[in-house]
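Read the structure below first, then the notes.
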Ligand code: PGA
């Protein structure tokens, strides 16, 4: 690390929440609350919405720096896959990025590292920025297997990715035990795990790549704890679930620098 931090990226993950009307109301309330952050162009604001909201929300945030993306996609270009969605359909709707390998997809929908790797490659082909989620379970952590699990997930999910492609991929370290639980990892534990991810990227793709890749922390991030993560040298941003659903709460996280001086 050079010690120079990149502008933070704050990613909201709406999961399976909000109607079109609710999402438009959110944006109406949210934009005035984050005016200062928008003007200063810091931090970068990403919002991963349900598929049905990508187009309407993309249209209303067109003249703002807010970047809209999806929470999942299929690994095929197109085809007879009832109920699935293709990366190029997401691009067509206005999505710029896609979250892949979220722990809810891994555990509830049995997604494997190999499947996630195919999705990462497809997303790159389709012109979507992948946000690859990795993270250990509580049992892994108790058994002192955090580093091994992270390396295993990164090795498989990033198989045959080229260094130039890796520069565009964002990694989200999300310990499974901290997601939606109300208790986050400590900033030190998150920094430690993210350092493991960055060393892996350095070892596999080279130091210049490891230097530019954004690695964010996710798991019970709130306005009250966001600052401590963003102060860590290796943490480049946050992936926020529950706290991104309210415009007021999410704006407090976006405005973390202002909140500091108050
Ligand atoms: P949480 O979710 O902030 O509600 O813990 C984070 C995530 O699942 O991405």
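Matching residues to (1) within 16 Å of the ligand (Cβ to nearest atom); (2) over 23 Å from residue 197 (Cβ atoms); (3) modelled with pLDDT of 95 or more:
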{"site": "36", "(1), (2), (3)": "no, yes, no"}
{"site": "52", "(1), (2), (3)": "no, yes, yes"}
{"site": "55", "(1), (2), (3)": "no, yes, yes"}
{"site": "59", "(1), (2), (3)": "no, yes, yes"}
{"site": "64", "(1), (2), (3)": "no, yes, no"}
{"site": "70", "(1), (2), (3)": "yes, no, yes"}
{"site": "80", "(1), (2), (3)": "no, yes, yes"}
{"site": "92", "(1), (2), (3)": "no, yes, yes"}
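Taking helices (runs of 4 or more DSSP H) as the structural unit, those lying wholly within segment 87-179 and holding at least 2 residues that are farther than 20 Å from residue 242 by Cβ correspond to 87-93, 113-126, 138-142, 146-157, 163-166.
Of the helices (runs of 4 or more DSSP H) lying entirely inside segment 188-262, the ones with 2 or more residues being closer than 27 Å to residue 17 by Cα, within 13 Å of the ligand (Cβ to nearest atom) and in contact with a strand residue (DSSP E or B) (Cβ under 9 Å, 6 or more places away or on another chain) are found at 226-230, 247-254. Taken over segment 177-189, the residue count meeting the criterion of being closer than 17 Å to residue 144 by Cβ and crowded, with 17+ Cβ neighbours inside 10 Å is 2.
Scanning segment 156-169 for residues that are in contact with a strand residue (DSSP E or B) (Cβ under 7 Å, 6 or more places away or on another chain) and crowded, with 22+ Cβ neighbours inside 10 Å yields 157, 169.
What residue, among those in segment 94-108 that are farther than 21 Å from residue 167 by Cα and within 14 Å of the ligand (Cβ to nearest atom), is surrounded by the fewest Cβ atoms within 10 Å (Cβ to Cβ)? By that ranking, first place goes to 108. Of the residues making up segment 9-27, those that are touching a strand residue (DSSP E or B) at 6+ places or on another chain (Cβ under 9 Å) and at positive phi number 1.
Listed by first and then second residue, the pairs with beta-carbon distance under 6 Å, at least 6 apart or on different chains, first residue in segment 164-191 and closer than 16 Å to residue 233 by Cβ and modelled with pLDDT of 95 or more, second more than 11 Å from the ligand (Cβ to nearest atom) and part of a strand (DSSP E or B), are 171/132; 171/215.
The values are calculated or read from the model by the stated rules, or taken from the named source; none is laboratory data. This one's a predicted model, so the numbers in the text were calculated from it and none came from an experiment. Using ideal geometry, Cβ is built from the backbone for each residue, glycine included, and neighbour counts are taken over all protein chains shown.
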